[in-house]
Amino acid sequence: MALPGILYFILFKYWPMGGVVIAFQDFHPFTGFTGSKWVGLKHFHRLFSDPDFFMLLRNTLMLSVYQLVFAFPAPIILSLMLNELRREWFKRSIQTLVYIPHFMSWVVVVSMFFVVFESPTSLFQSILETLGLPTFSIMMDPDLFRPMYILQVIWRDTGWGTVIYLAALAAISPELYEAAKMDGAGRFRQIWHITLPGIRSTIVILLLLKLSDILETSFEHVFNLVNSLNRDVGEVFDTYVYRVGLINGQLSYATAVGLFKGIIGLLLVMLANRIAKKFGEEGLY
């Protein structure tokens, strides 16, 4: 049963790692790995001296920090709310409704938001006209790019994240809640002293995994949201790699950017794992 998963990681995760060698070459597809000229750290020097580097780093970090602050706690809060429901049929119905959006592609999600908020005949624009307020473009406004991005992440992925937390909540012994009730603890005290400590290890592990992807944003999501008006706040490393690597054909430079992201992610997860162990958690390794 493990063989398909093992083959997947070998073929699509570990085997392609050999391709990072082109980050140190002036790679040409026709000459291949062995025939391309070695240039050392030339592409990394170019990356760090690029005027767009700090803009890309700022935009990527801002989106990642927003996700950690707003999107990461959302499934935890929703799971706690669902866990308090006593009617099982109602609980399952709500859970099904909130994780259905996860199965939609980002193209569909962005298109739905465009239809609701952006098009001249959209519901949002019609409400503004009815109230006598001036209409304005949400998805073209640079100031609203990040809030729109985070709102879409929360709407699409929060429900799916509850699957893990609800499974962790199911492992908490009901006897702990019964003992707390006998001691006079209310619902909020039970959540604070029993529920949250019971899922703390799950939260820490998912947080560690999230930190490892701090420079990783959903390419499909950002690519469909970015336009010429909000590019200064929306361009991230993923879209930059696509633009310089696939469109402009600078494969070695794009690989260097990707390798830089991977190294930073590895260092962050190692640091976060070490901090978690110091606080008594198991960590990832």
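Helices in the chain, meaning DSSP H runs of at least 4 residues, each add -39500 (n - 2.57). Divided by all residues, the mean residue ellipticity at 222 nm is -17500 deg cm²/dmol.
For segment 51-125, the alpha carbon convex hull comes to 144 Å³ per residue, rounded to a whole number. In this rough spin-label picture, where each label sits 7 Å from Cα along the Cβ direction, the Leu209-Leu128 distance is 3.9 nm. One Cα centroid belongs to segment 1-76, the other to segment 111-170; the line between them spans 29 Å. Each label was represented as a point 7 Å from its Cα along the Cα-to-Cβ direction; for Phe33 and Arg187 these points are 5.9 nm apart.
Each of Met17 and Lys277 was given a label point 7 Å from its Cα along the Cα-to-Cβ line. The distance between the two points is 1.9 nm. Relative intensity of segment 205-278 on a log10 scale, I(q)/I(0) at q = 0.11, 0.25 Å⁻¹, equals -0.35, -1.08, per a Debye sum over C-alpha point scatterers of equal strength in the absence of solvent. Counted by Cβ distance under 13 Å from Arg243, the other residues give a net charge of -3, where Lys and Arg count +1 and Asp and Glu count -1. Here the residues Thr217, Thr96, Thr135, Thr34, ranked from fewest to most Cβ neighbours within 10 Å of their Cβ, fall in the order Thr34, Thr96, Thr135, Thr217. Considering the chain as a Gaussian network with a 10 Å cut-off on Cα pairs, which listed residue, Gly245, Gly159, Gly18, attains the greatest mean-square fluctuation? Residue with maximal mean-square fluctuation among Gly245, Gly159, Gly18: Gly18. Sequentially through segment 117-131, phi angles give Karplus couplings (6.51, -1.76, 1.60; θ = phi - 60°) of 10, 9, 4, x, 9, 5, 4, 5, 5, 5, 5, 4, 5, 5, 7 Hz, Gly and Pro residues having no value and appearing as x. Annotation: amide H-H contacts under 5 Å for Gln25 (H modelled 1.01 Å from N, sequence separation of 5 or more, or interchain): Val39.
The packing ranking, built from the mean of other Cβ atoms within 10 Å per residue, places the peptides 194-205, 101-112 in the order 194-205, 101-112, highest first. Average projection, convex hull of the Cα set of segment 34-278: 19.2 square nanometres. Checking the cross-link pairs Lys13/Lys261; Lys91/Lys181; Lys42/Lys210; Lys181/Lys278; Lys181/Lys210; Lys37/Lys261 against a 26 Å limit on the alpha carbon distance flags Lys42/Lys210; Lys181/Lys278; Lys181/Lys210 as lying beyond it.
Throughout, read-outs are computed from the coordinates displayed, never taken from laboratory work. Everything numeric in this text was worked out from a predicted model, so none of it was measured. Glycine gets a Cβ as well: all are built from the backbone with ideal geometry, and neighbour counts include every protein chain shown.
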